[in-house]
Each structure stands twice: as C-alpha cells, then as structure tokens.
Amino acid sequence: MMRFENVDVIDTLRKIMQHNTEHYQSDFEYDIARLQKAAEDSHNSRNFLWMSRGFGTWCFEERDVYIRNTHAFNTWDYYNHSSENVKAFAVEIEALQDKAVVGHVFELDYKTHIEDVRKNCFNAQSVEAVFKHPDSNNGYIRRFDIDEYNTNWYSIGQRYGEIETLRYEVGDEQRLQDVLCKARQVRILNTTAGSLEEYIAAMVKERFHSYGYTRDDMVFTTPGDVFEALEHKVPVYMLSKDNIREPVTSTDEISYHIFHKGIFGMAPEDKRLLEYLLALPENRAELFNWTELNQIYTLAIAAGQSGDLDKTAFKTLEAIVYKLDRVLPAPLEPAENVRERDEEQEV
C-alpha cells in the first residue's frame, strides 16, 4: 500500500480518477469543491475518505463514515460486494498553498477498511443542522433528536429551508476521536511513501492483465476519450483477451464494446497527442519538445543538403508530420508521401 506525501491533493486524486473511473468523471467536481472548502477554512474537518469506482467518485468526511446509518456510512459500505473497480483512499489536508490543496493521500485496502468501520462505528444521538438564512451569511442552527430528524426530515426542510451543513452528534465524541486517531496511525504504518506515476502504471497494468491483455504497449483510455479520439482521428483500440487489439472505426463499435464490459487502450504518444488536442489553447503545452525541434532542424538541413534520408530519419519525420496532420485544420499532403517512401525502404 502506498502513500503520497505533501502533494497537490486534487491533482493526485484527479490522476487516479482519470485512470480508474470510466463513467461520470464529472462527479469529481463535487469532490474538488468539498476539499477546497475544507482547505480554505481551518475550522472545517481536514480528514476525508475518497473513493474512485467505475461509475463515479465519492468524498466524505472521515468522521461521518464512522457514524452508523449516515449517508457517508451507508454509501462507503455499499460497494463492499460491488463488481466495480473500487479504489479507496484517505486524505489529510495540510494547507492551501498558491490555491493548491496540499496534503497527504493514503491508499486503503477497501475491504479491510470496511471491516474496521463496521467494528468501530458509533450510533448518532442527535443532528445539528445549519440552515441557510435569507438575511444572514452565517445561517441559523437547529438541533434535532436523531429519530425525530430521520422521521421528519422532509417537513423539517419545508419548515426551516435549505440545509447548508449537517453534523451528526454521538454519545461519546472523545471515543470517536480516539478511533479516528488510531485509524490514522494504522494507515501510516501500513503504507510506504511512493511515486504516483509508478502507482498508476501498476494499477493500469494489473487491470489490463486481469482482463487478459498482458502486453505493456497501451495506456488506459476511458470511453469518453475513445469517442474523442475517433472524432480527432487519433488511433484508439478495443482490447481483448489473448493480447488482441482492434482499431476503433465507428461509434457503434465503441458502444458494443462498452456494453460487453470491454476495455480500451491507446499508445502512450497518441494519448499525449489527444490530451493536447482536447486542452484549451491557453492550457496547452508545446506540441513539439526540444528533442523533436532539434530533429526537425537536423532533418531539414539533411534534406536540403543531400535530399536523401535514412529509415530512422523517415520514422522521425513521419511522427512529426503525424502530429501536425491532426492539429492543423487541413491535413498535410506530405503525410502520405512520407509513409509511402518509408514503406518502399522497408520493402
């Protein structure tokens, strides 16, 4: 089990989500808002439990998960027998630095964690509700017995208005805090500081291998990105057992593969190109790195001097033209010529 220390929490969770959550990635926007709000106010809870699954994400205050029959408890417990690819993490927020939420992210063994929650959870005795007040920025507070709230929550909402925050109270808060403190100590002992990139690579490899695709030439691709890749004419593949990969050529193929719980992949360089194409112009990095720019200059000089390029040079030129071919509004004519000359050399 890994932990990622002193990291940009939102960026870290986003990268995990992008490689594990295939549908409803927009759920993560709610998680971002919750974590940012917690980081902005030191009075807020700064300990959360976060889950990425095949069909969305969840983010809850850690304390709420340990209180029986709360929304957080019921939801966190629900996926124990789910077939979805559940990845669970604990998040500890340290500070807000230059608008970045900085803290620590701990990988959890989800099933073991569920057992701990069930064993050590508490019953709620009452609930403190903060209602929005039309004439105040601070709202107003009402406290209800837990049975009264559970029975009459709808009429309570009608009477007092929209609830801004809800806090469940237990009989012995100190015991609950002791349980949470012990859980935090356990996850430090059970995790090792590691690299997020290595973790994601291992996670994707495990997923592909469990499906039956054991070659390491593809990176994980969500169905949403598959549709985008098809639209931008960037190669994307349907992966099958026994290392079979088939290029996607239509939206019907995508839908069929999704329906049969298939997985998709792209070559790493094509995934980077797609990310470039999908990024807003102001957020785009350079299309060509310094190595490629130097190669462009070298190839141009070589072509101008001799008019004769070797096979390696043609491969490099083809990759460069391939990128431009998809970025520029109109396809470049030389693209096919480069491929044809390359094929001639292979023959």
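The values are calculated or read from the model by the stated rules, or taken from the named source; none is laboratory data. Since this is a predicted model, take the numbers as computed values, not measurements. Cβ: placed from backbone, ideal geometry, glycine included. Neighbour counts: every protein chain shown. To get the accessible areas, we keep the full protein, side chains included, count just its heavy atoms, and leave off ligands, DNA and RNA. Shrake-Rupley method; radii C 1.70, N 1.55, O 1.52, S 1.80 Å.
Restricting attention to segment 61-89 and to residues that are in a strand (DSSP E or B), out of contact with any His (no Cβ under 8 Å at 6 or more places or on another chain) and within 18 Å of residue 105 (Cα to Cα), the residue that is most open to solvent (accessible area, probe 1.4 Å) turns out to be 61. Filtering segment 235-278 to residues that are in a strand (DSSP E or B) and more than 10 Å from residue 218 (Cβ to Cβ) leaves 238, 240, 244, 246, 247. Taking first residues from segment 26-47 that are closer than 19 Å to residue 14 by Cβ and touching a residue at least 24 places away in the same chain (Cβ under 8 Å) and partners that are assigned to a loop (DSSP other than H, G, I, E, B) and open to solvent by 50 Å² or more (accessible area, probe 1.4 Å), the Cβ contacts under 7 Å between residues at least 6 apart in sequence or on separate chains come to 38/44; 38/46. Looking across segment 20-64, the residues that are within 16 Å of residue 92 (Cβ to Cβ) and among the aromatic types (Phe, Trp, Tyr) come down to 48, 50, 60.
Restricting attention to segment 44-56, the residues that are more than 19 Å from residue 181 (Cβ to Cβ) and open to solvent by 50 Å² or more (accessible area, probe 1.4 Å) add up to 1. Among the residues making up segment 1-25, a single one is open to solvent by 80 Å² or more (accessible area, probe 1.4 Å) and either under 11 Å from the mean Cα position of the chain (by Cα) or modelled with pLDDT under 90 (or both): 24.
Might you let me know whether segment 119-127 holds any residue that is surrounded by fewer than 18 Cβ atoms within 10 Å (Cβ to Cβ), in a strand (DSSP E or B) and in contact (Cβ under 8 Å) with a residue 12 or more places away in the chain?
yes
When segment 209-244 is filtered for residues that are farther than 19 Å from residue 275 by Cα and loosely packed, with under 15 Cβ neighbours inside 10 Å, the ones remaining, listed by number, are 209, 210, 211, 212, 214, 215, 216, 241, 242, 243, 244. Of all residues in segment 20-58, those satisfying the criterion of being hydrophobic (A, V, I, L, M, F, W, C) and touching a Phe, Trp or Tyr at 6+ places or on another chain (Cβ under 6 Å) are 49, 50, 51, 55. A single entry from 270, 252 fulfils the requirement of being touching a residue at least 40 places away in the same chain (Cβ under 8 Å), more than 30 Å from residue 1 (Cα to Cα) and more than 19 Å from the chain's Cα centre (by Cα): 270. Quick check on segment 245-264: of everything there that is open to solvent by 80 Å² or more (accessible area, probe 1.4 Å) and acidic (Asp, Glu), which residue is farthest from residue 200 (Cα to Cα)? The qualifying residue farthest from residue 200 (Cα to Cα) is 252. Considering each of 291, 316 in turn, give the residue that is loosely packed, with under 13 Cβ neighbours inside 10 Å, part of a helix (DSSP H, G or I) and modelled with pLDDT of 75 or more. Matching residue, one of 291, 316: 291.
Answer with yes or no whether residue 119 is modelled with pLDDT under 95 and charged (D, E, K, R). No: the conditions fail for residue 119.
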